[in-house]
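Below: the structure, in structure tokens.
The values are calculated or read from the model by the stated rules, or taken from the named source; none is laboratory data. Source: prediction; values computed, not measured. Here the Cβ is made from the backbone with ideal geometry for all residues, glycine too, and neighbour counts use every protein chain on show.
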Amino acid sequence: MKYEEEIGKILIAKGLKISTTESCTGGLLSSKLTDISGSSAYITLNLVTYANEAKHKILGVKESTLTNYGAVSKECAYEMAEGLYELTNSDICVSTTGIAGPTGGSKEKPVGLMFSTIYTKDNARTFKITMPPQTPRIEIKELFANEVLKNIYEFIK
């Protein structure tokens, strides 16, 4: 099953709009969603908010969140998705933030760690996703994006 195709069918059937804001996946999630013909019917806005400054200025992630928890945290993922909702009023807003490597990880936050939030006006769910740290960067991004697609599908079906 191609989750992005199934997501598109569900969104069209339910008349829902989706938006994404990505950090560690660098637009790959957006790319997969827009690979589906007709996706303009349900995609409102997709952003790559890679830098902390973009997370703060565009999405309203609190500086205190970035300072106290870091960009790679459940708190940041939640605030990214919430900020995207405020910006777009899409029915479903999805964020990704993590460490694709091969450098940049720590013992507490290793390469292969990602947080993703799926946010609606009535519900939000944040996922912690981990991949093997030795996985090459391009593969980690692919695995992250596919896992998020699976989570979106499960959330909306």
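At least 1 residues being touching a Leu at 6+ places or on another chain (Cβ under 9 Å) and buried (at least 18 other Cβ atoms within 10 Å of the Cβ) is the threshold, and among the helices (runs of 4 or more DSSP H) wholly inside the stretch 52-157 those reaching it are 52-59, 74-88, 137-156.
Looking only at the stretch 19-51, residues that are in a helix (DSSP H, G or I) and over 11 Å from the mean Cα position of the chain (by Cα) come to 7 in all.
Answer yes or no as to whether L11 is crowded, with 19+ Cβ neighbours inside 10 Å and over 17 Å from T117 (Cβ atoms). Considered against the rule, which asks whether it is crowded, with 19+ Cβ neighbours inside 10 Å and over 17 Å from T117 (Cβ atoms), L11 comes out as yes. Checking each residue in the stretch 102-126 for being under 16 Å from T25 (Cβ atoms) and at pLDDT 95 or above picks out V111, G112, L113, M114, F115, S116, T117, I118, T126.
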